[in-house]
Amino acid sequence: MEQLLEAIREFDGLLELAPGEGSTFPEIAWGDHFFYYAPDGQVPQREQPYATIVTKNYPGDTSCELDHPDRWRLNIHVGKDAFVELMGEDPRAEASLRDYTAVDVVLPHPAHRAQGWVSITNPGTNTHLLALRLLRTAHEDAKRRAHRRRPGTVSSE
């Protein structure tokens with residue numbers, strides 16, 4: 001995880017939230033990481049993180065068995081087109097059966113696939129470079145969205 005965190009922390013305008021014990025964040029989030037494009041250092045209002053690293057099961061999201069030792073999951077918002085390219089199916093289609101306990105494999109996010117999220121439990125040699133590419137693209141997408149929302153910005157799209 002540290003190697004991946006080091007790479008993400010190099011992204012321009014990155015805001016990483018890493019709640020810990022005693023923070024104002026809910027205890028369930030302690031030990032996890034949430035990534036935003038926020039060059040001003042402020043958590044964007046009305047914007048979800050573009051990627052997360054979770055280190056435990058969350059209510060309603062237990063299929064990856066993250067409560068076992070040394071398990072963690074990288075989650076990345078890739079959008080519909082990249083999701084289809086990666087998974088070979090529409091993110092809003094009925095989920096096919098998957099082994100969400102598999103490691104070092106790109107899978108639809110077990111709870112947020114319909115929104116275009118993918119996940120990788122314990123990224124390793126098979127997925128490290130792909131994970132970095134997907135993270136960089138997600139960061140750039142978040143950056144574009146932030147610039148479009150900026151007051152006085154005229155979109156060329």
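The values are calculated or read from the model by the stated rules, or taken from the named source; none is laboratory data. Quantities reported herein were computed from a predicted structural model and do not represent experimental measurements. Backbone-built Cβ (ideal geometry, glycine too); neighbour counts: all protein chains shown.
Per-residue answers, yes or no, for (1) of a type outside the set (D, E, K, R); (2) touching a residue at least 12 places away in the same chain (Cβ under 8 Å); (3) over 24 Å from residue 150 (Cβ atoms); (4) assigned to a loop (DSSP other than H, G, I, E, B):
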position: 25; (1), (2), (3), (4): yes, no, yes, yes
position: 31; (1), (2), (3), (4): yes, yes, yes, yes
position: 48; (1), (2), (3), (4): yes, yes, no, yes
position: 52; (1), (2), (3), (4): yes, yes, yes, no
position: 74; (1), (2), (3), (4): yes, yes, yes, no
position: 80; (1), (2), (3), (4): no, yes, yes, no
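The single condition from (1) in a loop (DSSP other than H, G, I, E, B); (2) surrounded by fewer than 13 Cβ atoms within 10 Å (Cβ to Cβ); (3) at pLDDT 95 or above; (4) of a type outside the set (Phe, Trp, Tyr) that residue 103 fails is (2). If you go through the range 1-18 and keep only what is in contact with a strand residue (DSSP E or B) (Cβ under 8 Å, 6 or more places away or on another chain) and within 18 Å of residue 66 (Cβ to Cβ), you end up with 1, 4, 5, 18.
For the range 120-152, a tally of residues being of a type outside the set (A, V, I, L, M), part of a helix (DSSP H, G or I), surrounded by fewer than 20 Cβ atoms within 10 Å (Cβ to Cβ) and in contact (Cβ under 8 Å) with a residue 40 or more places away in the chain returns 6.
Determine the pairs where a residue that is within 22 Å of residue 126 (Cα to Cα) and of a type in the set (S, T, N, Q), located within the range 1-16, has a partner that is in a loop (DSSP other than H, G, I, E, B) and at pLDDT 95 or above with Cβ atoms under 6 Å apart, the partner being 6 or more residues away or on another chain. Going by the 6 Å Cβ cut-off, there are no qualifying pairs. Give the residue that is nearest to residue 61 (Cα to Cα), with candidates limited to residues of the range 112-132 that are of a type in the set (Gly, Ala, Ser) and within 12 Å of the chain's Cα centre (by Cα). Among them, the one singled out is 119. Among residues of the range 17-55 being over 18 Å from residue 120 (Cβ atoms) and among the hydrophobic types (A, V, I, L, M, F, W, C), the one that is farthest from the chain's Cα centre (by Cα) is 25.
Based on what the data block shows, is residue 67 touching a Pro at 6+ places or on another chain (Cβ under 7 Å) and surrounded by fewer than 21 Cβ atoms within 10 Å (Cβ to Cβ)? For residue 67, the condition - touching a Pro at 6+ places or on another chain (Cβ under 7 Å) and surrounded by fewer than 21 Cβ atoms within 10 Å (Cβ to Cβ) - is not met.
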